[in-house]
Amino acid sequence: MRDIGIVSYGSYIPRYRIKAGVIASVWGKDGATISRGLGINEKSVPSIDQDTATISVEAARSALKRCTIDPQDIGAIYIGSESHPYAVKPTGTIVGEAIGATPDLMVADYEFACKAGTAGVQSCTALVKADMIKYGLAVGADTSQAAPGDALEFSASAGGAAFIIGRDNVVATINHTLSFTTDTPDFWRRAERKYPSHGGRFTGTPAYFKHIISCATNLMQKVDTKPEDYDYAIFHQPNGKFPVSVAKKLGFTYDQIKQGLIVPYIGNTYSGASLVGLASVLDVAKPGERVFLTSYGSGAGSDGFDITITDKITELARDNAPTVAQMVEDKEYIDYGTYAKLTDLLYWE
Amino acid sequence: MAGGVARFWREIPQRYNIIGNKCGSCERVFFPPREACPHCRRKSLGKMEDIKLSGKGEIITYTIIHVGPEAFKEQVPYPVAIIKLEEGPQITAQIVDCNIDEVKIGMKVENTFRRIQEDGYTGAIYYGYKFKPVKE
Ligand SMILES: [Zn+2]
């Protein structure tokens, strides 16, 4: 699969933040203990006029600003999210129109909990490989919702990242990708319900760890690599603890994962989580560096990617759009009342 | 936005991508696009060409809305500004991503893609441009 890969990328993180301590105090819990336990200090919150469609558009426009490709050459758009603004009416149609890629293209919305975005990257890669499209756009974005008082309220946040996949001027070659999938009911949201449900402790060992470790191990076996062959590793980050722990179990060091570990500062962006981490790595990556990524989506499955940064990364106009680090810093804190208004908590089903 | 879906749909190019048009005779740029150039009139017919505006400009004047329309009641107080775009036309839009006391005449702004309004919890969602300060 040589020479197919990421041609450009962009990410988007809303400006509002709420501190874990502020949420904790509303529910009579100790914020410092919760922050330490989850490895999350604060999380991003979308403004009232933002949703998965607007975040996807901003991320995709940033990707286009960094390169010179004509949006009319984009032949497919896949938007991965579990918070598509419509249940029926694809987010991809809105994104396609807003970036000027319509009408001659394939579009579909993907849903696979937190790994729908990486599933889109795989589909675009395959379509480019099959010469069915010149470029594909894959986006992972979410404005994830958590029931008030639920443990997920400390992590469920908003953000996303977009990747243009193609053959020309590839800045990061996708050497190989594979997945690991089983039926594991660790986390779900029933149709027409606003908030998700989860299996509590069940979400760790048989779900997150089993799938990521299996997928990552299979991938390294397939491409014949070891953890020390990589400059960066990114794992799905539902909290600040799981990715650090899974990296250690697999034999990766904290130095390898820290550039792609964004969850402590913005929370879990669900479909955006591992991809915002990848965008953060691409913000600083140099030619020849190798990147390992494994996403995780409840339900459950993992997508693994073995990626090599090419010389073309130096030609990409990375300064034409904000970096993940810049968006992490550009923030405005809100209180719980404002948070309740912005995230529509006042509406109860 | 009663009966708004069809009207909104027709305006998608303007609302999403700030597509204006340019008079082929005098080069003046218009937003929203016009059927004919008011300066060249008949001379401009058939010579009006669609162009995508940069979405960058400068605040000419602004006001702070304290009592907004029903659909915006959760956003008050918020600034609405008249912005002079780089290509010349003026556009009225909400300013977001900054505190209301930071809004100033002459401030450089750029467009951002946002939800403008929705027809309640069951109706269509209307997207379009708002403007935010340009980061140095
Ligand atoms: Zn004219």
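The values are calculated or read from the model by the stated rules, or taken from the named source; none is laboratory data. Predicted, not measured: the structure shown is a model, and the values here were computed from it. Backbone-built Cβ (ideal geometry, glycine too); neighbour counts: all protein chains shown. Ligands, DNA and RNA are excluded from the accessible area calculation, which covers all protein heavy atoms including side chains. Shrake-Rupley method; radii C 1.70, N 1.55, O 1.52, S 1.80 Å.
With respect to A:Arg66, determine if the residue is touching a Phe, Trp or Tyr at 6+ places or on another chain (Cβ under 8 Å) and basic (Lys, Arg). Answer is yes for this residue.
From the list A:Pro185, A:Pro196, A:Pro227, A:Pro206, which residue is open to solvent by less than 30 Å² (accessible area, probe 1.4 Å) and closer than 22 Å to A:Tyr270 by Cβ?
Details: A:Pro185 fails: open to solvent by less than 30 Å² (accessible area, probe 1.4 Å); A:Pro227 fails: closer than 22 Å to A:Tyr270 by Cβ; A:Pro206 fails: open to solvent by less than 30 Å² (accessible area, probe 1.4 Å).
So the residue among A:Pro185, A:Pro196, A:Pro227, A:Pro206 that is open to solvent by less than 30 Å² (accessible area, probe 1.4 Å) and closer than 22 Å to A:Tyr270 by Cβ is A:Pro196.
Being more than 14 Å from every other protein chain (Cβ to nearest Cβ), away from the ligand (no atom under 13 Å from the Cβ) and either basic (Lys, Arg) or farther than 19 Å from B:Tyr126 by Cα (or both) is a description that applies to B:Ala81. Residues in region B:6-24 that are surrounded by 17 or more Cβ atoms within 10 Å (Cβ to Cβ) and within 16 Å of the ligand (Cβ to nearest atom): B:Gly20, B:Asn21, B:Lys22, B:Cys23.
Looking only at residues in region B:41-53 that are open to solvent by 50 Å² or more (accessible area, probe 1.4 Å) and within 30 Å of A:Ala60 (Cβ to Cβ), which one is nearest to the ligand (Cβ to nearest atom)?
Filtering region B:41-53 down to residues open to solvent by 50 Å² or more (accessible area, probe 1.4 Å) leaves B:41-43, B:45-47, B:49-50, B:52.
Subset that is within 30 Å of A:Ala60 (Cβ to Cβ): B:49-50, B:52.
Numbers: B:Glu49: 11, B:Asp50: 15, B:Lys52: 19 Å.
Residue satisfying both the conditions and the ranking: B:Glu49.
Could you please find all residues in region A:6-57 being within 14 Å of chain B (Cβ to nearest Cβ), open to solvent by 10 Å² or more (accessible area, probe 1.4 Å) and more than 15 Å from the chain's Cα centre (by Cα)? If you could, list the steps in order and put the result at the bottom.
Initially, region A:6-57 is screened for residues within 14 Å of chain B (Cβ to nearest Cβ), giving A:10, A:12-17, A:44-57.
Filter again for open to solvent by 10 Å² or more (accessible area, probe 1.4 Å), leaving A:12, A:15-16, A:46-48, A:50.
Hits for region A:6-57 are A:Arg15, A:Tyr16, A:Pro46, A:Ser47, A:Ile48, A:Gln50.
Please indicate, with yes or no, whether at least one residue in region A:249-263 is outside any helix (DSSP H, G or I), out of contact with any helix residue (DSSP H, G or I) (no Cβ under 8 Å at 6 or more places or on another chain) and farther than 22 Å from A:Gly160 by Cβ. Write out each step before concluding.
In the first step, residues of region A:249-263 are kept if they are outside any helix (DSSP H, G or I); the result is A:251-253, A:261-262.
This time we only want the ones that are out of contact with any helix residue (DSSP H, G or I) (no Cβ under 8 Å at 6 or more places or on another chain), so: none.
Looking for residues that are outside any helix (DSSP H, G or I), out of contact with any helix residue (DSSP H, G or I) (no Cβ under 8 Å at 6 or more places or on another chain) and farther than 22 Å from A:Gly160 by Cβ, one finds none in region A:249-263, hence no.
Checked against the criteria, B:Ile105 counts as in contact with a Ser or Thr (Cβ under 9 Å, 6 or more places away or on another chain), open to solvent by 20 Å² or more (accessible area, probe 1.4 Å) and away from the ligand (no atom under 16 Å from the Cβ).
Going through region B:91-136 one residue at a time, which ones are hydrophobic (A, V, I, L, M, F, W, C), facing chain A (nearest Cβ under 8 Å) and within 17 Å of A:Lys331 (Cα to Cα)? I'd like the intermediate steps shown before the answer.
Taking region B:91-136 and keeping what is hydrophobic (A, V, I, L, M, F, W, C), we get B:91, B:93, B:95-96, B:98, B:100, B:103, B:105, B:107, B:109, B:113, B:116, B:124-125, B:131, B:134.
Filter once more, keeping what is facing chain A (nearest Cβ under 8 Å): B:96, B:113, B:116, B:125.
If the condition is that a residue be hydrophobic (A, V, I, L, M, F, W, C), facing chain A (nearest Cβ under 8 Å) and within 17 Å of A:Lys331 (Cα to Cα), then B:Val96 is the only one that fits.
Just a yes or no: is a residue in region A:139-161 over 24 Å from A:Tyr195 (Cα atoms) and either outside the structural domain of A:Val281 (by TED's automatic domain parsing) or in a loop (DSSP other than H, G, I, E, B) (or both)? Looking for residues that are over 24 Å from A:Tyr195 (Cα atoms) and either outside the structural domain of A:Val281 (by TED's automatic domain parsing) or in a loop (DSSP other than H, G, I, E, B) (or both), one finds none in region A:139-161, hence no.
Restricting attention to region A:73-81, does a residue exist that is at pLDDT 95 or above, closer than 29 Å to A:Tyr195 by Cα, open to solvent by 10 Å² or more (accessible area, probe 1.4 Å) and of a type outside the set (Asp, Glu)? Yes, some residue in region A:73-81 is at pLDDT 95 or above, closer than 29 Å to A:Tyr195 by Cα, open to solvent by 10 Å² or more (accessible area, probe 1.4 Å) and of a type outside the set (Asp, Glu).
Out of B:Pro38, B:Pro33, one residue alone is within 14 Å of the ligand (Cβ to nearest atom), touching a helix residue (DSSP H, G or I) at 6+ places or on another chain (Cβ under 8 Å) and not basic (Lys, Arg). It is B:Pro33. Criterion first (small (Gly, Ala, Ser) and within 14 Å of chain B (Cβ to nearest Cβ)) does A:Ala340 satisfy it? Considered against the rule, which asks whether it is small (Gly, Ala, Ser) and within 14 Å of chain B (Cβ to nearest Cβ), A:Ala340 comes out as yes.
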